[in-house]
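Here the structure is laid out as structure tokens; the discussion comes afterwards.
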Amino acid sequence: MKKLILLLFIPLTMLSQDEKAESRILVDSFIEAYNSDDYKSIFKLFSPETKTILPINELTDFLKNLNSNAGKISANEFIREENNISIYKLTFENWVSEYRFSINDNKKIGDVFYFDTFKEEILAGLAINSLSNNDKIMSKNQTKLIFEKSKYFPNNTEISLAFINGDNVNYYGIKRKNDSIVYINNNQHIFEIGSITKVFTANLLAKAAIDNKIKLADYINDYLNIKLNNDNRISFKSLANHTSGLPRMPTNFEIEKLDSADIVKVRHILIPYKDALASSEDVQNTKLSAKRRADSIFSEIITNNVKFESFLSFSSDTEVGNEFGEIEFTIFDGFAPEFRDFSFNNEIGSIDIVETVFGYHIIEILAKAEKKKLVNLRNLDDNPYKYYDNDDLEDYLINFLEIDKNAIGDSSYSNLGFGILGYTISEIYEMSYEDLVKQVIFSKYKMQNTFLNAEQADIRLVNGLNKDGRETANWDLSAMVSAGGILSNVEDLVKYGVAHFDESNIELNLLKEKTIKVNEQIDVGLGWHIINSEKSENKWHWHNGGTGGYTSSMALDIKNKIGLVILSNVSAFNPFQGNIDQLCFELMMTFKDKNDKLYYE
């Protein structure tokens, strides 16, 4: 599977069941060329940027391997359009795949192009609505909306909401438990907020402008100690309103970065169960019976001093481990996160039962060594940005930076732009981004539950869920932290949102100002997207965010002093992730003034 670009944020989430003509043309062209082994023709379907990321030799190797294992494509089915990404079900001779690709303005395959195992979406239409409104915090219509938008999410989904109406703030939280949607008090629970972070980064820019450290029209080149590739010049303002002509992500993000890495040696016994990933057809254990067998083996080893190797015959792992059940690997070698984390986070001699998608593992840590193997430090699927550091970002700026001259002045969303913006402001103030945002914003607005590190969030941190509803790692954004690295709760975001209603706050006033018109409905400020009403002068300042385990959405109506904050542990890659934005917009439409009249009719 080749994933080109992981999205931190998807601007103006769109979910459509209508197939685009250009999508159909690209799919038909891809299938015809693939089935004819004509990989050069597939390469011609790519945009120039995608060709750079996935050169013809790498594409050919990938497609040959796909052809060898999966066979030819016999059928295809359009599934949906989601966030300008086309999703199809491709039936190969030996595999059924979910095929996703994006399309650029020239109707070429853009920065998303990957295949994954297709899973039929089980719509949770039978979810039980156990939400109540005994304390009259929410209207019946509002609780119905929340249920309808959340019933398709997996078990253990949490959604935390804050309703701002003038001086009145109400909190409401839900969780899905065993197919029931229930109310919980979670306004202090902490989530990754994803790209809402960009508003905070824009706030730092506004602070720098007001402090006369910079002017918005200035070029960042004049404030850096490095020379940008090809003498490209980039203004602060263009970074903050996505008009710089930069791509969404740096082109060296996928380039191999060879370095040394720690290594661990373990031995394990795998007890699978029926329907566990990669379990053979002859496995009859239920999940419960597999757990009992693993517990029994573990007990014999720990309590009765029976040798580990005595139970190796019970293990179903005959491919990864050697005849002694031993495995030696680095943190980047693609092992299940639970297996990997236990092995690297515990001491030599530790032994325990660890559950993964493959079943139950009895793992014993045998040895550890430092810096023993060269690896690609970006190959960590569940935490993809962790090893893209400031050295890599500087390398990009010096050696790889390219500006699409034709796109300068047009709004084109760029995580990279905000990564560069945060990096530059930190250089100007000679402070880390974390220290700067704490000092300038978190302290000022008494946001004591807002962090840039998941470990600081203690037990209030809600575990993120991947697209399949399993717990997933938190993202460490490293050099891209200013594009999406903040964690917070709705209480703190309310404090920050309400501060925007204060017309004497010159920093936040600067953020709210329109800098560019995208279309009749949308303008862009600094950080904020501004959604204009078609029928009145009402405007919403809005931003959303998405990471591997979380989705967020936040809207403010400055004129009427109302707003909504939604944080969730719904993955940005969940097929119904767009429901969070839809819920935000539809709940905003339910706000009433003190005379019980709707603000928006």
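Structure notes:
- For the stretch 415-486: rounded, prolate or oblate by the Cα gyration tensor [a/c cutoff 1.5]: oblate
- Cα gyration tensor shape for the stretch 158-256, rounded if a/c is under 1.5, else prolate or oblate: oblate
- Inverting the pair-averaged 1/r between distinct Cα atoms of the chain gives 26.0 Å as its Kirkwood hydrodynamic radius.
- Averaged over residues, the count of other Cβ atoms within 10 Å places the peptides 515-523, 554-562 in the sequence 554-562, 515-523, highest first.
- In this label model, Asp435 and Asn505 are separated by 2.5 nm, measuring between points 7 Å along each Cα→Cβ vector.
- Residues of type lysines that Lys51 reaches as a straight line, Cα spacing below 22 Å, ignoring anything fewer than 8 places off in the same chain: Lys2, Lys3, Lys40, Lys64, Lys107, Lys108, Lys257, Lys405
- Descending by average beta-carbon neighbour count within 10 Å, the peptides 281-289, 178-186, 204-212, 478-486 line up as 478-486, 204-212, 178-186, 281-289, the highest first.
- Förster-model FRET efficiency, 22 Å R0, Ser443 and Asn170, C-beta, rounded to 0.05: 0.25
- Placing +1 on the Cβ of every Lys and Arg and -1 on the Cβ of every Asp and Glu, with nothing else charged, gives the stretch 15-117 a dipole about its Cα centre of roughly 180 debye.
- Rounded, prolate or oblate (a/c below 1.5 giving rounded, otherwise prolate when a/b exceeds b/c) for the stretch 15-117 by Cα gyration tensor: oblate
- When each of Lys386/Lys495; Lys291/Lys467; Lys539/Lys559 is checked by Cα-Cα distance, pairs over 19 Å: Lys386/Lys495; Lys291/Lys467
- Added length on full extension, which subtracts the Cα-Cα distance from 0.36 nm per residue, Lys89 to Asn129: 11.2 nm
- Assigned charges on the beta-carbon of Lys, Arg, Asp, Glu; the chain dipole about Cα centre (debye): 1380
- In terms of distances greater than 25 angstrom between alpha carbons, the cross-link table entries Lys175/Lys446; Lys207/Lys594; Lys207/Lys592; Lys140/Lys597 yield Lys175/Lys446; Lys207/Lys594; Lys207/Lys592.
None of the figures in this text is laboratory data; all of them are computed from the coordinates on show. Since this is a predicted model, take the numbers as computed values, not measurements. Don't worry about glycine lacking a Cβ; one is built from the backbone with ideal geometry, like all the others, and counts go over all protein chains shown.
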